[in-house]
Each structure stands twice: as structure tokens, then as C-alpha cells.
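One structure is given below, encoded as C-alpha cells.
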There are 2 protein chains.
Amino acid sequence: MDQKGFRRGSFHSSTSDEDMLEIAGASLDFFVADDDPPLDREVGGFSSYNGMNGTSTMMDFLEEPLPGVGTYEDFNTIDWVREKSRDRDRHREITSRSKESTWALIHSVSDAFSGWLLMLLIGLLAGSLAGLIDISAHWMTDLKEGVCLAGFWFNHEHCCWKSHTTFTDRDQCLEWRSWSQLILGHGEIKTILSGFIIRGYLGKWTLIIKTITLVLAVSSGLSLGKEGPLVHVACCCGNILCHLFTKYRKNEAKRREVLSAAAAAGVSVAFGAPIGGVLFSLEEVSYYFPLKTLWRSFFAALVAAFTLRSINPFGNSRLVLFYVEFHMPWHLLELVPFILLGIFGGLWGAFFIRSNIAWCRRRKTTKLGRYPVLEVLVVTAITALLAFPNEYTRMSTSELISELFNDCGILDSSKLCEYVNDFNSTKGDDLPDRAAGPGVYTAMWQLALALIMKVFITIFTFGMKVPSGLFIPSMAVGAIAGRLLGVAVEQLAFYHHDWAIFSGWCSQGADCITPGLYAMVGAAACLGGVTRMTVSLVVIMFELTGGLEYIVPLMAAAMTSKWVADAIGREGIYDAHIRLNGYPFLEAKEEFSHKTLAMDVMRPRRSDPPLTIITQDSMTVEDVETIINETTYSGYPVVVSRESQRLVGFVLRRDLIISIENARKKQDGIVSTSVIYFTDHSPPLPPSSPSMLKLRSILDLSPFTVTDQTPMEIVVDIFRKLGLRQCLVTHNGKLLGIITKKDVLKHIAQLANQDPDSILFN
Amino acid sequence: MDQKGFRRGSFHSSTSDEDMLEIAGASLDFFVADDDPPLDREVGGFSSYNGMNGTSTMMDFLEEPLPGVGTYEDFNTIDWVREKSRDRDRHREITSRSKESTWALIHSVSDAFSGWLLMLLIGLLAGSLAGLIDISAHWMTDLKEGVCLAGFWFNHEHCCWKSHTTFTDRDQCLEWRSWSQLILGHGEIKTILSGFIIRGYLGKWTLIIKTITLVLAVSSGLSLGKEGPLVHVACCCGNILCHLFTKYRKNEAKRREVLSAAAAAGVSVAFGAPIGGVLFSLEEVSYYFPLKTLWRSFFAALVAAFTLRSINPFGNSRLVLFYVEFHMPWHLLELVPFILLGIFGGLWGAFFIRSNIAWCRRRKTTKLGRYPVLEVLVVTAITALLAFPNEYTRMSTSELISELFNDCGILDSSKLCEYVNDFNSTKGDDLPDRAAGPGVYTAMWQLALALIMKVFITIFTFGMKVPSGLFIPSMAVGAIAGRLLGVAVEQLAFYHHDWAIFSGWCSQGADCITPGLYAMVGAAACLGGVTRMTVSLVVIMFELTGGLEYIVPLMAAAMTSKWVADAIGREGIYDAHIRLNGYPFLEAKEEFSHKTLAMDVMRPRRSDPPLTIITQDSMTVEDVETIINETTYSGYPVVVSRESQRLVGFVLRRDLIISIENARKKQDGIVSTSVIYFTDHSPPLPPSSPSMLKLRSILDLSPFTVTDQTPMEIVVDIFRKLGLRQCLVTHNGKLLGIITKKDVLKHIAQLANQDPDSILFN
């Protein structure tokens, strides 16, 4: 059927709910895209998660005489133009009524402010949940090591804090007992449960489950981050809170605005970077982002960040996840190693995306996909086995990154800071470059091993049936590489400060190389290579350091990394996963660069039977019902007559079915031979004929049309920017065919030498 | 003519070049809008400024067989869809050729990087110019007061710095002699010259003139800022540098991308806020901003900022104009005064916009407009008279703002910091709230007077024939109000710390109120009220302070101010000026909320003569020439036949004239009776008839069409998002009329109860 003509809104796939979650954590950010039309299955998928906006809610969607007209079935693309028109109508009505009475005026004002109130609530809820997750994950991470005798709910730090011991012998505080002291074993098993629970509870209570499992997953030590799931959690909050306000409950386009802002709030709490969060939402989530949304997203992101800060889960009053403060400026020559890190980041990004996609495809196509729990078990076991011996993989990834970013002070006691101190040359707080001590060398070896392990284990971890983000593992890989390079350059400068390249800026006894900065630049490079973020990446990093000084190195690395990675493969990890899963997402970032015309893409193709059409004033109820039963298209063009083929409008299948059913029930004299009129004025009927059915009210009189000679690049542009579901194709004023979003996506896949049927909409 | 049918690209106005510059400084940022179609006269206006991309350059615009086809006349709206298509074609060609030879590959790579190179150059040039302007303006400001005996090119600070005197008696350094010591008088006269020179040199060398006059204007002491002109200067750099690269020289759409980035660089150097600059460019300059541009703008902004920093015009190695560091957190209760400041900012913004627009309209319509030099003279004289007696208006506005933002330290010797010290309760650097000394009271009075003066003088200054920005004066007004309120609250807290509202957070001897923060919040509020900026405003302020701590107060004030100001009048100052000058800018931020249809807007109207059309295969050269001579429309729809009125395509007047002229000259047998064919295949002609003219190549086969029933809100959306010049209107497949951007703008003006003919395109 699909080959013969057009067919919209029938993207019912065989993918199970589990598959939907597979990338939900990491790339849900895409599915809340703002004014682009990427949401097909997600609308349905999303609602089936929390069970709150299912079909029953959908039914009272419009306050129109005929319930059901103008609503969507599950798994349908929403029509942005229509949704926005409806919201404008609603707004217009409220505004005009507001002049009539005080009550209506209050209603109008409260309607205008409901958006802000919603943002406030989202910010508060997302911030609180993030705080809860942080605290619980922290506690559970430590629970792997031991338990606090003074109270099991304290984590290691709080436990020892209460015992009033000093910082230096914190690790030796008496109240804290490690598991090896109490019982043997460790807590990774929780993760397996988490994978299990996710499957058991899918389709409902996503928010709660996500929140709980995220705690488990983050604390488990798997190579994954929490920012993706936090975005998902924030979007759940947004979706649930939308139900409090009619304005958002009843309009799919408005709701997407809210979800967009919620995504920004999610990133904001994941990193404590509200501006970066908004830019992430702008850069990664959606191509088209109305300015009103920008401002509201910023508000939600800020509220979330400050809520999180007032909860203070890290116990340091800091907003950001990794607070760094460097003392030394960088030198222009250091751009060379920074660009090297950028190249490494780009290569790693491209390698990771290819391997991960290949592995995920294998999982989809082979038996492996049938045992998600087993997979999680095995990966967790291997991770645990490989990670436990090495202290840098044993600690939580966030801690690892923090330690790598850290600029060694005089009092730092970690292995990474075990330098040979020469107190003669020390002036105040400024430490000169020093020779590395044995601790640093040990740390280097361990870090190199950790790097190799992280690189490979992340490929298998991301995409499993566990809520997972990719920021933290990517940053960890980059931070390790950066720290290694940083220490290498530092030692080179220390032992060879007489070399020409160091002359003038790195003499003996000067503090010129900051390995922590290299770690940070490396983290940015790898994150950029994997996600292809640019501005938001640099801004997030800027918010972490709080100094404009280091933007140039970060930018150089991010830019190099993006160029290198793009040269190998155009897609970022999220795009790659979207394509792997066949979501109908019309990529807005890439230019459509082929020289095909609308006539090459439209249906019917040359060998197909002609387009199914409805005439405006000559078809009977029976004729139309036959068409509805014999085809599955979700809409039909209405023409003047079969002969002229001049386009009048477009009518949706769903509206047609509802209207005919309703008329047959409630309107007298409507039988199978009644003629359906889509015209404005109907001719007087002979007295004997059955009464006619007027359906002009459900006819869309302004369908979008393009000519058959329109280049596809322009058609793609129109679909993207206006958020269309379909577009009719005419030639010299005559209706020729139809192009749906699905046709456009298939065509793009075809041109990219991918099998359109197996890849899209599997 | 205009009333009878459609007419595009004929916005020739009687406005003189001076009028164009009138707001060029302040709102050029709008005219470089990115993918929105706001550029009509600016394209021409801009090119006439620097005399580099006039018609002669336009002529070799396309590498097509027929020179001239596909180019624009001056004062025409560019067609975004066509420009973008052309760029894609060019890109496709280079890419496909790159596989053929190494040389072509190098060309392809260099083409890809030319955009980045261009951004780099813009950043470097804009940063250098900004540095030059800062240094010169600083020097000239001080020149008003005196001269450095050690070398006249040193400003006051550098002069005294060189003399190795300590900071405290800096004002008493010997090398610096004030004019009152040397000669009497002051340098405001320079500004009048600047106004004069601008007029004398208009149309050429804008960049140089702007740079010089900006120095004069900023140093003159008039109530104006430099950020608007700096944006203009940066755009001039961008435009000039575009000529180095074919890619940008030959494509109007690509060039606008560059100008957009240049605007970001301009704001970046004005405030040292690169991220804020990019967001400003995003929020204020353009509705639609491709992501590639975002990243490039960021790059240009950063390069510009760092170039400026390496020039170090302020002598403090700081990137930002006003560096502030506050020590104390704010209390939640302080949000009340912050919101009060927001209300003040909103009221002031609305008041300023109304008064300023009223005054500018008066200037346009009365004799006043004929004496711009006299006006500048008078305003300068009044400013000088009023400003000189008060030390807070005598100093440069930037210095004033710096001083108001400043948190009084123990060593600050300025009047504003003349508190009664009680050294018993001082602990370390932390100063408690203290009783105000006589100096503070004097300062309060002077500031109150300065506030009143600034409020009124700015209304008359902005819009004069002087390059002027509005950021600094707005911020000054807000900062004064904020500081006044801040000191009031501080003294209230000091004398009444036993009141319930202060209990718990502001006990005796505590440092709880920071008047500098109030000044900053007030500045943000007033700036927000005038410009209606939101996110970019907060981010710029965030970059100034460098701490996320103070974002919430800033945001609260900015939000309140915007709401208050919006409630009084929807337009920001830039929009108001654009409307005042009748520029064809399709406002992207406001929703079109009227319920009219395409048929109400399209031409011909009911009483008009029918639409001028061309048939595809029955008109002779003479017929077409008659149409061209009798109408002034810049394009004509081509239909199948007069009877059927089915649309085939759209042909541009300019292309038609050039093609016919060319054919008459070069093609044998083309006479007035030759039939013009727009069809693909032409019928065999009888041997006696004159040879035919085939013009399918100049026919646009994919004109945009909407049906007559399409709501105007959707039509406006299409025009905005796709950047159309015109759109054809059909009914049941038959051509009915045409809607041009001008029609849309006129319609909007009409619905807003404004006279469409007198206001738009005067």
C-alpha cells in the first residue's frame, strides 16, 4: 500500500517500548524539538510512558461542536501550522472577551502568566529532583564501599563530617566502615535491577522510575552520565505539569515549547550551567526556536539551577558540577597541544559513533537484543571486573573528572599531585612547574589503562536498556587524555626549559603549564567530537570555569574536534541514533544538497495508480466510505472535478470518518446515496433525492502547494520551517500528487544510499 | 499606480541619506538581519555608504550567460529563497568538481574555510578599531580637562601613571595640567564638527568617518553611547571584507550572514561580552539565525574581544567595560527593591520611547529637520551648560556608571564612599553597613539632579545627526536610580536594623546591602525597558559581573521592566525607529493576530483593474514590451492562457527587459511580432512567421502560491520564515492575485490603525 500512493500518519512500527527507551535517555532532547516537526512516535511514546495524555485526554482536545475533529491519533505527526493557528484563535478569543468583564480580564491575565508559572514549577521540580538524585546517587556510590555506623543514610563524607574529624584523616574516620570490613561484595547488582525494573514498569510512571533507576545507574559505576536522563526527567516534569494548564494541555505545539524549556532546565541542573543549558536546547534540540521560548527556557533553567543550589547536594554551595579555578594564563604556543587534543577528540568521536552504532545495529538485528537484562548483567560484571583494580575507574566518573580538572595546589595529597617539591623556589601560593614524583608516574599508567578501558566499555554501555547519558563518559575520556598530555608537556617544559619553544614564557621555576587546563580542553574536545555541539559546549565549559580567559583554548579544541569528526562522518551521536531507530526527524542542520525536483519525490509515481481524490460536489457518502475503507491514507485532496483536477482543499481521514458517523447518527435523511458537498453554496436538490451532507467545515481550504518543478531543497526548507505534514504538488494549476514528510525522509535516505524501507520507520 | 495593482521593488523614497544615518548607528543591528527579509533600502543605502558594492559590482553578480539576469536593482528586497538556491548550486558545483583535480580540491577546501577566515579578519579589524576608538575617545575626553605635559598623546591616567606617583594622589600628579590651568574652555565643539563632517562625507568612507566621529561624539560628553556605532563600524568591516571572497561578494544572503556575525562582534567589543554579543545578535538582530552563523558569530565575537583586550585600552587587562566584584550575597527580601527598580525601568523605557519618537517625528515633519547642524550645536551647548556644574554629569558616562557600580571599599576616596567609619566593628576586608557621611548626602543630591538631566537630555540627543548608541545613557539613568535606592535601603537598614523585615539577615554591624548591586540592577532594568532585550541583556550583565549569583536579581528586574514597558507600548526603541522611518521590516517577534484572509490583502482589489499577466505561448514581443512600459511592477505571473488563468510561473521585469533587449540585438529574426514562448516545447512555426523567442530559462517555475482562503497569520509566517518577496494567490487552481511583502506590511500597519501610506515607505 505504501508503495502505491500517499499515506500519512501510519508510522505504526513494531518497535517495542523498550527500544524507545533505548535512546530515550540520551536523545530525548531531540524529541522535544521545538518548532520543527520531529515528533511522530514520540508523541505517542511519551504519553504512553506516563499514561497521562493518552487518547482519552486527546478526545477533549478542542472545544468544537464535533468532538474528535482536529485531534490526532497516536503515532501521528502533529501539524504545526494547524496547532499554532488554533492557539492564536484561542488567544484572540480570550483577548477579545477580556474587555467584557473583570472576570474575563483576570482570566486573560492569568492565561498570559500561566506560561511563566509553568516554567517556575518546572524549574522547581526539576531542580528538586536533580538534588534528590545527586544526594541518593552519592549515598549509594559510597554504599558500595561501606556504610555509616552513625546512620546508614549518611554518605561517606557526611558521615565523617559529623564525626568532627579533620579533613586530612577523613578517610580514616571511625564511623565509616567499608564493605570489605563488614561484608564482601559491592553494589553493582542494583543496576541490573534497574534495567529490570525499567522494563517491568515501562509505559507508566516514567518519571518515578527514571528518577530511581538513574540513581541506581549513576551510582553503579557503569560508564554513563546523568545529563541525558536528567533531561528526560525534566521533560517528564514539564509534560506532567502541562496538564495543570488548559492552554498547554490542549495544544501540542504549545506543549513542545514547554518541553523545550524543560530540556534546558535538565541540562542546567546536570551541569549547573543555565546559559549553556538554554544554548544546548537551542543548538541541539531544535532548529527553530521562538524568542519567547528562549526567554522562558532561560527562566526555567535558572530556577532549576538555583533550586538545586539551595538543596546543595555537593555540599559546597557551588552551582556547577566541576568547579575549577586556574591561576595561570595560557601561552599562545600551548594552542598546539590544545589543537592536538582537538584532533584526538574528533577522532575519538568519529570512532565512538561508528562503533557504537555498529554495535547497536547488531543488537537490533541479532539475538542479542532479546536479552537486555542479560546484556546489562554482563556489561556490569565486566565493568566491575575491569574497573575495580584501577582506582581511577573505581571512583565515580564525576569524581574522576573533578580530580583531573584540578590544578595541583601545595596541599593536595592525591597521587596526581605527588610532585617533587622544591620549597626554595616556591613563592606564596604560586607553585612552579615541578618534577613529577613516583605517584604521578603511577597515576599516569593507571590513567592510560583507564583511558583504554573507558574508550571500549563506553561503546558497549551507551544504548543498553539503562538510562544513560554520554556527556560524563565522553568528558572522562577527554579529560584523561588531556591530563596525560598536560603532564607530559609540563615535564617536558620542566626538564627542557632551555628549548627554543619554551624560551620567554617558561623559564626555570616558572609555573607555565597547568595540566588541569589540558584535561578540561581534552574533555571539551571529546564531548564536541561525540555530540558535535559547538557554542553550547563552549558556554557550558565557560560556566564551569567562570573565566573568559580559557574560552580560546576550549574553542580551538572544540572547533578542531568538530572539523576532524565531520570530515570522517557527518552525524553526531544523537542524529546517528535517531537514524538507527528510524524516527521521523527532519534534520535541520544539514543542507539538502541534491538537485532533485518535487516531481521526483511526490506520489503517485509514474507506474502507480492515480492519486486518490475526492470531488467537491459529486461523491456520495458511499463513494467516500469506499475510499476510506480501501485506502489507509490519513487525508485526501478535494478537487473541483475529476476532469479538471483543480485543487479545492484537503480533508483529513479522521475528520471525515467522525463527521460521516456523526451525520449518520444524528442528522435525518443521511443515507449511503447522500451527496457530500464541500462547496460553499450547494445547489437546490430535487425533492426526491436524499438530503445532502455539507462538510465544508472540515475542509482545509489552505493546503500548502508547490509546483512539480520546485527543487527539493526548497521543499525540504518549507517542511522544516513551517512544520508541515504534507504538501500538494501541482502543475499548471492542476493537482498532480502529494509529498508527505515521510516521502521527504525516504527520499533523503535514498540519496544517502541507505535503504529507505529498512532504515526509516522500521 | 500603487493602488491599482501589485508593484514590487519600488520603494524609492524621498528620504535623504541623512535620514538613513539618523538611526543607522542605533539600529543598524536590525538591518543586517539574517534570514529574515528586512533589507530593502539598506542594501542600497549600505552600499552607497562605502561606495564599494554599487551597481557596477552588482552587474557581474552571476556567472550566467546573460549578464544582469538574476541581479537586483537598488532599493529592492532580495529574494532569500533564490539567493540560497544559488549558493547551494555554487557549493554543489565546487564539491563535484573537487573530485576531479587537486587544484579543484584545494579550491573547494579554501572555499569552505573562507567563511572562518573572514570571521577572523572581521574580529581582528573590529577589535582593533574598537581599541583605537576607546583610546582616542579617552584621550579626547581628558583633553577637555587638560593636557599631559609629558606628551600630549597621553590621557590623564597614563600621564600620571608614567609619573610614578601613587594612586591616592593620582589626581594631583604634576605632569597633568587641566585646561582651566592652561586655557579656558572645553572641547564640545568637536562634536558639532562631527555632526557636520558626517553630513559632508555621507555616502562614502562610512567606516573611517564613523570611526572618527564616534571618537568625537563619545568624548564630547553628549548623552550617548558607543555600542550602536560600534555595531555599525563592525558591520562596515564585515561588508568591506566580504569583497575579498567571491562567495560572499556575489551572494546577498551569504553576506547577510557575515553582517549578522559582525553585529555580534560589535556588541562584543562594546561591552567585552562575546556571549552576550552573540545572543544580542540572535535576539535583536534576527528572528531566524542558522546555527552555522551562531557558531561563526561566536568566533568573530571572541576574536574581536581578545583583540581588544590585547590592545588593552582601559589599561586594566580586563575584557569588560565595567568590571564589578561584589562580596556579599543578596537576600531574598531585596527582590522587592529590585522589582521596584524593574518597574522604574519599564516606566522610563516606555516614557523615553514615546517622547523620543514624538520628538523625532516632530523633527521629520517640521522645519527643525532642516537644521541638523544647528540642532547638534544647540543640544551640545545645553548639555555642556547643564552638565558642567554637576560632577556626575561632567565625567564621561562610562566612568559614571563604573563609579555607581562600584562597591565601596575601605580605601575608596570618592564622595559616594564617604561613610562614617567605625573601625571597631570592621573585620578584615568586610565592611559593615555604615552611616552615610556628608559626602554621600551631597552625592545623592547631585545624582538626583543628574538623573533628571539625563532623562530629559537623552530624549533629545538620541536621533540627532550624530552617531549614537543608547545602551550607555539608558544604563546611566538606571544606575543612578539604582544607587539612590540602594543607599536609601542601606541607610534604612543601618538605622532601623531592629525592624522585622531586617531581622535575621541584617543585624547591626553586618554588611547586607550593596548599593553597587542596586545600581547594576537598575541599569539592567532601564536598558531592558528601552530595548526590550531579555536573555542577551542578562547575559551581558552576567559577563560583566562574572558571577551567576547576581543573575536572579538582574533577571527579576529585566523581566519586570519588560512587562511594565510592554503593558504601556509594545515596541522597543529600535522597532519604533524602524517604523518611524518606514523601513520595510517584517517584525518577527510579534504575532500577527488578526483574522484576515489572503484574499483581503492581495491585489488587485475588487475595484481594481485585473492583474497584469503574461500568457505562456501567445504574446508577442511587442505585447510584452507594452506591458513593461505601462506598468512598474517588478514581476509578472505567467499563465497557461487568458481564459484558464492557470499559473505556470513567475517572470521578473528586470530579467524580461534584459532578455528581450539581448535577443533583439544578438538573435536573428526577433522582431516586434515574434511570439514569446515560456513553454518547454514550442510548436513548429509556419515558415513565413518571424522566429520565436524562447524564454523558459528566465521563468521561475516554482513560484510560491497560497489559496485565497489562507489566513493572513499563515501568510505572514511564510513570508517571515522563507524570506519571500511575493506570493501568488490562487482559488481552485486559478490565479487570482498577488501578495507582496509591501502589501503585507501595509496591511499590518492598517490593522494597527496607522496610515499605511504615510508611515511606511515615506
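Details
- Cα pair count fraction exceeding 13 Å, expressed as % - the stretch B:675-731: 70 percent
- Listed peptides A:683-689, A:85-91 by packing density, highest first (mean Cβ within 10 Å): A:85-91, A:683-689
- Karplus-derived 3J(HN,Hα), 6.51/-1.76/1.60, for each residue of the stretch A:732-742, Hz, glycine and proline x: 6, x, 9, 5, 10, x, 9, 10, 9, 4, 4
- Proximity of backbone amide H atoms, modeled 1.01 Å from N, is registered between residue A:615 and A:639 at under 5 Å, excluding neighbours fewer than 5 places apart on the same chain.
- For the set A:511, A:668, the ranking by accessible area, highest first and with no ligand, DNA or RNA atoms included, is A:668, A:511 under a 1.4 Å probe.
- The calculated FRET efficiency for residue B:642 paired with residue B:102, based on their beta-carbon distance and R0 = 51 Å, is about 0.35.
- Extreme residue, positive dipole direction of the stretch B:625-736, given options B:649, B:722, B:692 (C-beta unit charges): B:692
- Legend: distances between Cα atoms for A:595/B:99; B:250/B:746; A:741/B:741; A:250/A:364; A:250/B:595; pairs beyond 24 Å are B:250/B:746; A:741/B:741; A:250/A:364.
- Rolling a 1.4 Å probe over the protein chains gives residue A:741 an accessible area of about 10 Å².
- Per-residue average of Cβ from other chains inside 10 Å of A:302-309: 2
- Fully extended contour minus Cα-Cα distance, from residue A:370 to residue A:243, at 0.36 nm per residue: 42.1 nm
- Each other copy places its own label point for residue B:97 at 6.3 nm from this one, sorted shortest first, where the point lies 7 Å along the Cα-to-beta carbon line.
- Accessible-area order (highest first, 1.4 angstrom probe) of the listed residues A:597, B:656: A:597, B:656
- Relative to the other identical copies, residue B:449 shows label-point distances of 7.8 nm, where the label point lies 7 Å from Cα along the Cβ direction and values run shortest first.
- Part-to-part distance (alpha-carbon centres) for the stretch B:705-724 and the stretch B:505-579, which is given in Å: 36 Å
- Of the whole protein surface, residue A:715 contributes about 0 Å² of accessible area at a 1.4 Å probe radius.
- Residue A:577 accessible area, 1.4 Å probe, all protein chains in place, Å² to nearest 10: 0 Å²
- Ranked from largest to smallest solvent-accessible area, with a 1.4 Å probe on the protein heavy atoms, A:659, B:101 come out as B:101, A:659.
- Inter-copy spacing of residue B:435 label points, which lie 7 Å from Cα along Cα→Cβ, given in nm from shortest upward: 6.5
- With a 10 Å cut-off around each Cβ of A:705-718, the average count of Cβ atoms from other chains is 5.
- Extended-chain gain in nm, criterion 0.36 nm per residue less alpha-carbon gap, residue A:596 and residue A:664: 19.9 nm
- Using θ = phi - 60° and Karplus 6.51 cos²θ - 1.76 cosθ + 1.60, couplings along the stretch A:495-501 (whole Hz; Gly, Pro as x): 7, 10, 5, 8, 4, 4, 5
- Maximal additional length on extending the residue B:310-residue B:618 stretch stands at 104.0 nm, based on 0.36 nm per residue less the C-alpha distance.
- FRET efficiency for residue A:110 and residue B:751, using Cβ-Cβ distance with R0 set to 41 Å, rounded to 0.05: 0.95
The values are calculated or read from the model by the stated rules, or taken from the named source; none is laboratory data. Being a predicted model, the structure only gives us computed values, none of them experimental. Reconstructed Cβ throughout: ideal geometry from the backbone, glycine too, with neighbour counts over all protein chains shown. Just the protein is used for accessible areas: all its heavy atoms, side chains included, with ligands, DNA and RNA removed. Shrake-Rupley method; radii C 1.70, N 1.55, O 1.52, S 1.80 Å.
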